[in-house]
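Beneath this line is the structure, given in structure tokens, with notes to follow.
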């Protein structure tokens, strides 16, 4: 049998091969497309569906209205008003220079400004605010602008006009330093407060009560969900969350006392401060600093000139709160503390008599009374009545080399912050040999080494000693109540929107002064004589006041400045309810400028008027 050989396979043509390759590539691409579609539809479909829905829904954070700030009787010191704010959405601002320029020109035309004005506003806002913050170009926008933008919304998708809450001050400038201010959240605020529900565009308390009690005042924001089309035009409003208003904060401040102190200080026209405090619980009834400022300026972006004016020392640095931040020599209102220190240490007795010849030489240095006025024989009570410096120079010299004077100043809370519930207080300074010698070593041009003269000056509230009016109010309150040092408090209570009390502030004791009641009595008698006995240093001011008081003038020397006036009062005598401290920079003798301010405050507190008296009050230190 013959087997025929197999015939060779015909060769494929080049065309067939190309068709096969193309078909294979097509299958691969089809497979890739299939798996991509499968991934989009099945694996990540929910994600992209949500993003698509987000593109059709805009969520707008709705800030809560801040709570009101009230005085102790419920009078409104701060509340809110509505304002229409024109804002740019930073996400919508074009990335190209030409696009931004065109946008700024269009928006500027609506606001009657040029493109450069808008560009500067955008730059200044973005420089300080966190990324994503709405850029506020104008507040209190006129209705005609609002209507125009609503009618031409499709032409301005980058622009939103939102209702915002702005702080309102029904009492004008009253208590500006206490109330403080609010401002937009910054990137630093967000970083420092991760636990707070804050977002770009929110407001935050920046100073004063607004800062201390921001958590209570701020409330809880809501959100508005809007359905929009591809151009950003609102189609409908979706279910939203309403904001929860902040709590109201009721302060211990008495509006009438605050008005009396501020108006009286302003009438003098010099920088100064006052503090009125309840001696039994630490509640601050009034606290003010002059010059003051208009708190409403912080409801709008400040110009550079406004900022400069607030800090300008030639204008008295209006933003500086002298009542809690001023550090001054206090002069003779410190003498009761010196007397207690000397009595406790056995350096003097209430009946010991010193001959005050108007001047005394100690360690080859002359120390003089004001005007070198001689008071003759004085015991402790009379030393306060006529304010004998010589008497206290001797006590300061006797206590040199001990810590007696420094310790007693510390007992009264001097040399450290009081803990008041508003920011910005100073700690003052109680000079010790160690501190003074160290300061001299570091800055010999400004500080002398410790010598006996340092303690002598300290004994009359001079030298390197420094205290704020608030610290002296705390000290005199302790003297008035028998030795309990209280933390001064501005807060009285917090309330909900219906006025129901949420939390009440409780008195806080920060120390006890070991005052012998017999020593306190003789000192209070001397202070009463100083205010209302015919030879007292403030008799001309308080001699005709129908309420018995204990009061002390002070006149402090300041380098290259006229003397600073002080007055400290406790009333009614002998069991006081209120302590009042007043100081006037460049005010001269304490009875001339500081005492009349204290009188005005006490007249309003007791609803009594002083009658004019005649006769000399002698040395009005």
Checking residue 233 against (1) out of contact with any strand residue (DSSP E or B) (no Cβ under 7 Å at 6 or more places or on another chain); (2) at pLDDT 70 or above, the condition it does not meet: (2)
Matching entry among 334, 298, 274, 293 (being out of contact with any helix residue (DSSP H, G or I) (no Cβ under 7 Å at 6 or more places or on another chain), surrounded by 15 or more Cβ atoms within 10 Å (Cβ to Cβ), modelled with pLDDT of 95 or more and at negative phi): 334
All positions within the stretch 85-100 that are crowded, with 16+ Cβ neighbours inside 10 Å and either at pLDDT 85 or above or out of contact with any helix residue (DSSP H, G or I) (no Cβ under 8 Å at 6 or more places or on another chain) (or both): 85, 86, 87, 88, 100
Index of the failed condition, residue 267 passing every other in (1) modelled with pLDDT of 95 or more; (2) surrounded by 14 or more Cβ atoms within 10 Å (Cβ to Cβ); (3) farther than 14 Å from residue 583 by Cβ: (2)
Residue list for the stretch 178-202, restricted to those being in contact (Cβ under 8 Å) with a residue 12 or more places away in the chain and over 18 Å from residue 300 (Cα atoms): 178, 187, 189, 190, 196, 197, 198, 199
Qualifying residue in the stretch 212-230 (condition: at pLDDT 95 or above, surrounded by fewer than 22 Cβ atoms within 10 Å (Cβ to Cβ), in the same structural domain as residue 326 (by TED's automatic domain parsing) and over 15 Å from residue 70 (Cβ atoms)): no
Residue in the stretch 494-503 that is within 21 Å of residue 276 (Cβ to Cβ), touching a residue at least 60 places away in the same chain (Cβ under 8 Å) and either in the same structural domain as residue 446 (by TED's automatic domain parsing) or surrounded by fewer than 18 Cβ atoms within 10 Å (Cβ to Cβ) (or both) present: no
Candidates 546, 514, filtered to the one that is in contact (Cβ under 8 Å) with a residue 40 or more places away in the chain, more than 27 Å from residue 404 (Cα to Cα), surrounded by fewer than 24 Cβ atoms within 10 Å (Cβ to Cβ) and in the same structural domain as residue 348 (by TED's automatic domain parsing): 546
Checklist (1) crowded, with 20+ Cβ neighbours inside 10 Å; (2) farther than 26 Å from residue 375 by Cβ applied to residue 447, failing item: (1)
Matching strands (runs of 3 or more DSSP E) fully within the stretch 257-376 where at least 1 residues are within 30 Å of residue 604 (Cα to Cα) and in contact (Cβ under 8 Å) with a residue 12 or more places away in the chain: 272-278, 284-290
Tally, over the stretch 452-477, of residues that are buried (at least 24 other Cβ atoms within 10 Å of the Cβ) and at negative phi: 17
Residue within the stretch 101-110 that is outside any helix (DSSP H, G or I) and either more than 31 Å from the chain's Cα centre (by Cα) or at pLDDT below 90 (or both) present: no
Selected residue (only one of 66, 72 is part of a loop (DSSP other than H, G, I, E, B), buried (at least 19 other Cβ atoms within 10 Å of the Cβ) and either at pLDDT 85 or above or in the same structural domain as residue 187 (by TED's automatic domain parsing) (or both)): 66
Residue check for residue 167: over 17 Å from residue 300 (Cβ atoms) and touching a residue at least 12 places away in the same chain (Cβ under 8 Å): no
Hits in the stretch 144-158 - residues which are touching a residue at least 40 places away in the same chain (Cβ under 8 Å) and within 12 Å of residue 111 (Cα to Cα): 145, 146, 149
Residue list for the stretch 138-171, filter: surrounded by fewer than 17 Cβ atoms within 10 Å (Cβ to Cβ) and closer than 30 Å to residue 254 by Cα: 168, 170
Some residue of the stretch 183-196 being surrounded by 17 or more Cβ atoms within 10 Å (Cβ to Cβ), closer than 15 Å to residue 65 by Cβ and at pLDDT below 85: no
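The values are calculated or read from the model by the stated rules, or taken from the named source; none is laboratory data. On a predicted model such as this, the values are computed, not experimentally measured, just so you know. Positions of Cβ are backbone-derived with ideal geometry, glycine not excepted, and every protein chain shown enters the neighbour counts.
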